[in-house]
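Below is one structure, written out as structure tokens; comments come after it.
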Amino acid sequence: MKQFARLVVLRLLILFACLYWLEVQKRPAPIDALPAAPRAGRTPAQAAASLLIFDDDEDGYRAWIAANESGYVINTPKGDGGSTPDILHRASCASISSPRIQNYTTSDFKKIAAADKAPLVAWLGENSEDWRPCGRCKP
């Protein structure tokens, strides 16, 4: 009987551990825990499958924009950000993709990009106290 009770307790512990792990997987990642921008070796389709951070990576950001013109981008301040809101843009928006500007990710802002809008909106809902859609591109 003791052996049976130990087996039941062990199975319950495993069940609770699995349920906890599944719950943790549902939570959005903090910005610093998101995967880095794709480097060589990843196809645009693979890169577009998840949220990507472009921080001090102009070449990677421009390559992603060129390959994902129908995607979406959050322009978010680096560090504290003060009172500057996060802005959700279409990847094609001139305010975040003009060839005349050379410091989209090397200045005070970084970019979080995705092929679809839904994961970015979900991330904003969980991680941003102040955000809005771009008034220019109206994503």
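The values are calculated or read from the model by the stated rules, or taken from the named source; none is laboratory data. The structure presented is a predicted model; accordingly, all values stated were derived computationally and were not measured. Cβ sites come from the backbone with ideal geometry, for glycine too, and all protein chains shown count toward neighbours.
For the reader, a short list of remarks on this structure follows.
- Per-region count, segment 88-139, residues crowded, with 21+ Cβ neighbours inside 10 Å, more than 18 Å from Glu69 (Cβ to Cβ) and aliphatic (A, V, I, L, M): 1
- Qualifying residue in segment 98-112 (condition: part of a strand (DSSP E or B) and among the charged types (D, E, K, R)): yes
- Considering Arg62, Arg100, Arg132, the condition of being charged (D, E, K, R) and closer than 17 Å to Leu51 by Cα is satisfied by Arg62 alone.
- Of all residues in segment 74-94 being in a loop (DSSP other than H, G, I, E, B) and of a type in the set (Ser, Thr, Tyr), the one that is farthest from Thr105 (Cα to Cα): Ser83
- Yes/no for Gly81 being over 16 Å from Cys134 (Cα atoms) and either modelled with pLDDT of 90 or more or in contact with a Gly (Cβ under 6 Å, 6 or more places away or on another chain) (or both): no
- Of all the numbered requirements in (1) surrounded by fewer than 17 Cβ atoms within 10 Å (Cβ to Cβ); (2) assigned to a helix (DSSP H, G or I); (3) touching a Gly at 6+ places or on another chain (Cβ under 9 Å), Ile65 misses one, and that requirement is (1).
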